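All remarks here apply to the structure that follows.
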Amino acid sequence: MNKSLNEIAENLAFKLGDQFNMTFRESIKFTVSIYREKLIREEDFNSGLNLNDFSQNLRVPLKDWQHPLCGRGKITEEEVPLSVRFKNRGRVNYLYVGDTTFGHAFTQTTFAEFPFVSKIKHNIGVKYYVVEDGKFIILGDYKLCELGIIGVFAEPQNAIQFCDNVEVVLDDNPYPISGDMLARIEQGILSGAFPIRMTGEDGVVTSNSSDEQLQQKAK
């Protein structure tokens, strides 16, 4: 089983001699997430990547929805975490969107396209969805309570809430990353090749001066 993000951060903070500094550990977690996304994008573009090591299966609750042109449908009750922005996969960045058997995929479209593509004869029976402002909208009057989504998420700790059998503390759940990529990131942080980034309370990266203070611990 994969290590949790808390375990990864605690181990790195211990090796850097500051395991009891919670701010430092949060900065390490943020740094791991940044370089995980960066390396996934680069490796998938350059040579292809087995995304099973990085993906998560979500079950996202749906509620009724209405559109003046597209009619009745369903919409996710909450925003779905952002996928890694792959370089060569077009607008479809999620590996699967469909029912929660994870065996019947839906097709992505737009509000402008839907009235036309839904009437094409060979498309009869196809279920369509639109992604707008972080929410997934299923076009059509279907009896669905949840939407199944498989994706490689930029911040997987934010997606864990929609997974099965999760720990109460989200960062205590297994972190979706391959062993070799985690080893590369850990070595990069310990060597100083991957600078440790710090976030403020609002979640944005702080100034370089704060980064430099943190990075001194990795030297």
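The values are calculated or read from the model by the stated rules, or taken from the named source; none is laboratory data. Since we're looking at a predicted model, the values are computed, not measured. Glycine also receives a Cβ, built like all others from the backbone with ideal geometry; neighbour counts cover every protein chain displayed.
Could you list, in sequence order, all residues of region 92-101 that are surrounded by fewer than 14 Cβ atoms within 10 Å (Cβ to Cβ) and either at pLDDT 85 or above or touching a Ser or Thr at 6+ places or on another chain (Cβ under 6 Å) (or both)? Break it down stepwise before answering.
Residues of region 92-101 surrounded by fewer than 14 Cβ atoms within 10 Å (Cβ to Cβ): 92, 101.
Within region 92-101, just 101 meets the criteria.
Considering region 62-91 alone, what residues qualify as being touching a Phe, Trp or Tyr at 6+ places or on another chain (Cβ under 8 Å) and at pLDDT 80 or above?
Once the filter is applied, which keeps residues that are touching a Phe, Trp or Tyr at 6+ places or on another chain (Cβ under 8 Å) and at pLDDT 80 or above, region 62-91 yields 67, 72, 73, 74, 75, 76, 80, 81, 82, 83, 84, 86.
Condition check ((1) small (Gly, Ala, Ser); (2) over 16 Å from residue 153 (Cβ atoms)) across all residues:
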{"site": "78", "(1), (2)": "no, no"}
{"site": "84", "(1), (2)": "no, no"}
{"site": "105", "(1), (2)": "yes, yes"}
{"site": "108", "(1), (2)": "no, yes"}
{"site": "112", "(1), (2)": "yes, yes"}
{"site": "117", "(1), (2)": "no, yes"}
{"site": "130", "(1), (2)": "no, yes"}
{"site": "136", "(1), (2)": "no, no"}
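Regarding region 150-158, can at least one residue be identified that is farther than 24 Å from residue 42 by Cα and either assigned by TED's automatic domain parsing to the domain that holds residue 82 or among the polar types (S, T, N, Q) (or both)?
No, because not a single residue in region 150-158 is farther than 24 Å from residue 42 by Cα and either assigned by TED's automatic domain parsing to the domain that holds residue 82 or among the polar types (S, T, N, Q) (or both).
Would you be able to tell me the number of residues in region 12-53 that are touching a residue at least 24 places away in the same chain (Cβ under 8 Å), more than 21 Å from the chain's Cα centre (by Cα) and surrounded by 15 or more Cβ atoms within 10 Å (Cβ to Cβ)?
Number of matching residues: 4.
Table: residues versus (1) at pLDDT 90 or above; (2) aliphatic (A, V, I, L, M).
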site	(1), (2)
137	yes, yes
141	no, no
146	yes, no
151	yes, no
156	yes, no
164	no, no
171	yes, no
178	yes, no
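Which of the strands (runs of 3 or more DSSP E) contained wholly in region 7-109 include at least 2 residues that are aliphatic (A, V, I, L, M) and either in contact with a Leu (Cβ under 9 Å, 6 or more places away or on another chain) or closer than 26 Å to residue 128 by Cα (or both)?
Result: 56-67.
Evaluate the following for residue 139: is it surrounded by 12 or more Cβ atoms within 10 Å (Cβ to Cβ), more than 18 Å from the chain's Cα centre (by Cα), of a type in the set (A, V, I, L, M) and not assigned by TED's automatic domain parsing to the domain that holds residue 40?
So residue 139 fits the description; yes.
For region 179-195, give me each residue that is outside any helix (DSSP H, G or I) and loosely packed, with under 15 Cβ neighbours inside 10 Å.
Once the filter is applied, which keeps residues that are outside any helix (DSSP H, G or I) and loosely packed, with under 15 Cβ neighbours inside 10 Å, region 179-195 yields 192, 193.
Quick one: is residue 126 surrounded by 12 or more Cβ atoms within 10 Å (Cβ to Cβ), within 18 Å of residue 147 (Cβ to Cβ) and under 17 Å from the mean Cα position of the chain (by Cα)? Talk me through it step by step, then tell me what you get.
Details: surrounded by 12 or more Cβ atoms within 10 Å (Cβ to Cβ): yes; within 18 Å of residue 147 (Cβ to Cβ): yes; under 17 Å from the mean Cα position of the chain (by Cα): no.
No.
Any idea which residue in region 167-178 is nearest to the chain's Cα centre (by Cα), counting only those that are in contact (Cβ under 8 Å) with a residue 24 or more places away in the chain and part of a helix (DSSP H, G or I)?
Top of the filtered list is 171.
For residue 56, are the conditions met, namely being polar (S, T, N, Q) and free of Cβ contacts under 8 Å to residues at least 12 places away in the same chain?
no
Looking at residue 158, is it within 24 Å of residue 173 (Cβ to Cβ) and either part of a loop (DSSP other than H, G, I, E, B) or among the small types (Gly, Ala, Ser) (or both)?
Values: within 24 Å of residue 173 (Cβ to Cβ): yes; either part of a loop (DSSP other than H, G, I, E, B) or among the small types (Gly, Ala, Ser) (or both): no.
So residue 158 does not fit the description; no.
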